[in-house]
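*Asks:* Mind looking over this structure? Questions follow.
Quick note: the coordinates plus some simple rules give every number you see, no bench work behind them. As the structure is a computational prediction, the values presented were derived from the model and not from experiment. Methodologically, a virtual Cβ is constructed for each residue, glycine included, from the backbone with ideal geometry; neighbour enumeration extends over all protein chains shown.
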Amino acid sequence: MRSVAPDAPAPAHHAAAGAPGAGAARPAAPAQVTRPARAAWAAGFGQAVPVMLGYVPVAFAFGVLGHTAGLPWWAMVAMSAFVYGGSSQFAALQLLAVGAAPYAIVLTTFVVNLRHLLLSAAIAPRLAGWRRREQALFAYELTDEAFAVHSAQYAERAQRPKAEVFTFNTAVHASWVAGTLAGVLAGDLVTDVEALGLDYALPAMFMALLAAGIIADRRGLAVAVVAGGGAVGLTLLGLQYWAVLVAAAVAATFGLAVAPRESAADDAAADTDDRSAEDRTAQDRSTEGAPGR
């Protein structure tokens, strides 16, 4: 007698084909990935706008001066893209205009940019968990104004999205290159950039960013006063490019000397608060069984 086997169930893929979504893996919702990224991009660009407004006129002045000196447009744009240092670019431009030797230009640029050693040392602890290539890219786009903004942001938030940080760096760098190109193209229309006061835009913007970050910090304000006063005094004495570096080193040493005193005062205040809290806790425990409680 032949046994009759029951009907075999339909393959799983047939059922899935007949019912859309049944048994099929649903792709992850893109909004869950793109929304935080878009918020980080918007935050980084919003932080970059004030710096961009200061970068464009100064880069424009640099482009005009380069055009006046007879340098090709691509050389000016390449300098803004790869050197990316306002004071060092203007110094190199002056040396190129007078026909200085290449080693003198390189050495001058190196001395002018020595302050970035201090900036990098101050911001490096914030990037301790980053990859080497990310740290290198961040360091490549670190300027005075970028340091001021990043320092203020990291003081408020210890952890910041990398997308926010790199959006800020990329936006301000692009504005510097775009301003240079605009200055080169408009070089025949503008003959005197000093009359427009464009050379003061960058220092004014940096002082505004610095003031916003130290106005509520007494130690930071004291360090800024020492650094600014020292830089002005050394410049008047003829130290020129070394004035900023020496003044910054002296001010940083002053800040480190003041820091332990403030830390000790803060620790003493914290200990007093902790003791007061412990006394209140002990008093509450001793009166737990008292009538009326």
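*Asks:* What nm distance separates the two modelled labels at Ala81 and His116, each placed 7 Å from Cα along Cα→Cβ?
*Replies:* According to this spin-label approximation, the distance is 1.7 nm.
*Asks:* Which order do peptides 71-81, 52-62 fall in by mean Cβ count within 10 Å, highest first?
*Replies:* Peptide ranking by packing, descending: 52-62, 71-81.
*Asks:* Describe numerically, in nm with one decimal, the distance between label points set 7 Å from Cα along Cα→Cβ at Ala158 and at Leu107.
*Replies:* 4.6 nm
*Asks:* Counting other Cβ atoms within 10 Å of each Cβ, which trypsin sites (Lys or Arg not before Pro) in segment 113-177 have at most 11 and sit in a DSSP loop?
*Replies:* Loop-located and lightly packed - Arg131, Arg157.
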